[in-house]
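Single-structure report; data block below.
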Amino acid sequence: MASQDWFDKDFYKILGVSKDVSDADLKKTYRKLARKYHPDSNQGDEKAEAKFKEVSEAYSVLSDAEQRKEYDEIRAMGSGARFTAGGSGAGGFEDVFSRFGQQGRGQQQSADFEDIFAMFNQGQSGTFGSGRFGQTSGGFRGFGGPQKGADVTARTTLDFATAVQGETITLQGDDGKPFKVKIPAGVADGQKIRLRGRGRPSPDGGENGDVVVQIAVRPHPVFTREGLNLRVVVPVTFTEAALGATIEVPTLGGDTVKLRVAPGTPSGRVLRVKGRGVTTSKGTGDLLAELQIAVPSHLDEAAREALEKFQALEPSENPRADLMAKARR
């Protein structure tokens, strides 16, 4: 829904992106900023919380194709396109029509009014386009029909596991009354859930507005999400990686799975566990176990002597030789 303050807010500047930014880059930039300014990571920092809300608002508009198009059109018209009641409103209308190239009169102008008010969803209370210039329903000269009630925004922060597995939670509405929200499995950080007809009532007999619940997800100490996949970093010892081993890996559900580490496995190799990722209506992801060789920080004398003997026996080639050769190219 278009907002009057869209004229004054440069969402592209807030996110630090260009106007032709791709959806993928937009999402990547938002996630980086959301992690930086998330209230859970900045306890008591009001400036960070305000920045988080500002970034979230910008992303919620630009990530929605229809809202982004509407926002770009509104911004292109400039601040002179404000719709205000009274004498100052005439200047606003003149400015809008000059930008749209509509200099005609009569029937042509009536059609233009209809198009403009449709774009602004019949405006808000106290503005041109709401209530047919004082009549009981939205639009201009009978166009548009009853005005839909205003949307209400609610926010909630979920644990990582709750977001992945889904749950029905209880939130409190504007009137103080609790209402239940079904969180679908696999909901992502920054996602919005729309509850149709649960918002504010229409002023003239139209549909109720909606409740839009904005979701924030707390980071997990072990798991991260990559689409429908879950990733976990698993330490292995040098001997397990060199000689091979069977290890246990945790899953989000709490149980463990056994994985075979092949002899000579390098640090950073990823082992895949099918079907142990995020399950949604779009499919089920996998668990990605990234192996990292854990180097012991303390060695007793016997272990040190054993390693020194191994060092004398290990192959003499330089493992960094290929790296050096490529760097010279």
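Do we find a residue being among the basic types (Lys, Arg) and either exposed (fewer than 15 other Cβ atoms within 10 Å of the Cβ) or at pLDDT below 95 (or both) anywhere in the range 227-240? No, there is no match, as no residue in the range 227-240 is among the basic types (Lys, Arg) and either exposed (fewer than 15 other Cβ atoms within 10 Å of the Cβ) or at pLDDT below 95 (or both). Of the residues making up the range 37-69, just one is under 14 Å from Tyr12 (Cβ atoms) and aromatic (Phe, Trp, Tyr), namely Tyr59. Using the structure shown, decide if Gly253 is under 17 Å from Phe223 (Cα atoms), of a type outside the set (Phe, Trp, Tyr), modelled with pLDDT under 95 and assigned to a loop (DSSP other than H, G, I, E, B). So Gly253 passes the test.
Residues in the range 171-194 that are under 22 Å from Ser56 (Cβ atoms) and either modelled with pLDDT under 85 or of a type in the set (Val, Ile, Thr) (or both): Leu171, Gln172, Gly173, Asp174, Phe179, Val181, Ile183, Val187, Ile193.
Matching residues to (1) assigned to a strand (DSSP E or B); (2) of a type in the set (A, V, I, L, M):
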| position | (1), (2) |
| --- | --- |
| Thr224 | yes, no |
| Arg231 | yes, no |
| Glu240 | no, no |
| Thr265 | no, no |
| Gly275 | no, no |
| Leu288 | yes, yes |
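Using the structure shown, decide if Phe11 is touching a Pro at 6+ places or on another chain (Cβ under 8 Å), outside the structural domain of Arg194 (by TED's automatic domain parsing) and modelled with pLDDT of 85 or more.
Values: touching a Pro at 6+ places or on another chain (Cβ under 8 Å): no; outside the structural domain of Arg194 (by TED's automatic domain parsing): yes; modelled with pLDDT of 85 or more: yes.
It is false that Phe11 is touching a Pro at 6+ places or on another chain (Cβ under 8 Å), outside the structural domain of Arg194 (by TED's automatic domain parsing) and modelled with pLDDT of 85 or more.
Within the range 280-301, identify whether any single residue is of a type in the set (Ser, Thr, Tyr), outside the structural domain of Gln165 (by TED's automatic domain parsing) and either touching a residue at least 60 places away in the same chain (Cβ under 8 Å) or touching a strand residue (DSSP E or B) at 6+ places or on another chain (Cβ under 8 Å) (or both), and answer yes or no. Within the range 280-301, one or more residues are of a type in the set (Ser, Thr, Tyr), outside the structural domain of Gln165 (by TED's automatic domain parsing) and either touching a residue at least 60 places away in the same chain (Cβ under 8 Å) or touching a strand residue (DSSP E or B) at 6+ places or on another chain (Cβ under 8 Å) (or both).
Please specify each residue of the range 261-311 satisfying the condition of being over 30 Å from Pro184 (Cβ atoms) and of a type in the set (Val, Ile, Thr).
Let us first name the residues in the range 261-311 that are over 30 Å from Pro184 (Cβ atoms), namely 261-269, 291-311.
Across the range 261-311, the qualifying residues are Val261, Thr265, Ile293, Val295.
The values are calculated or read from the model by the stated rules, or taken from the named source; none is laboratory data. Remember, it's a predicted structure, so these values are computed and weren't measured experimentally. Quick reminder, even Gly has a Cβ in these numbers, built from the backbone with ideal geometry, and neighbours come from all protein chains shown.
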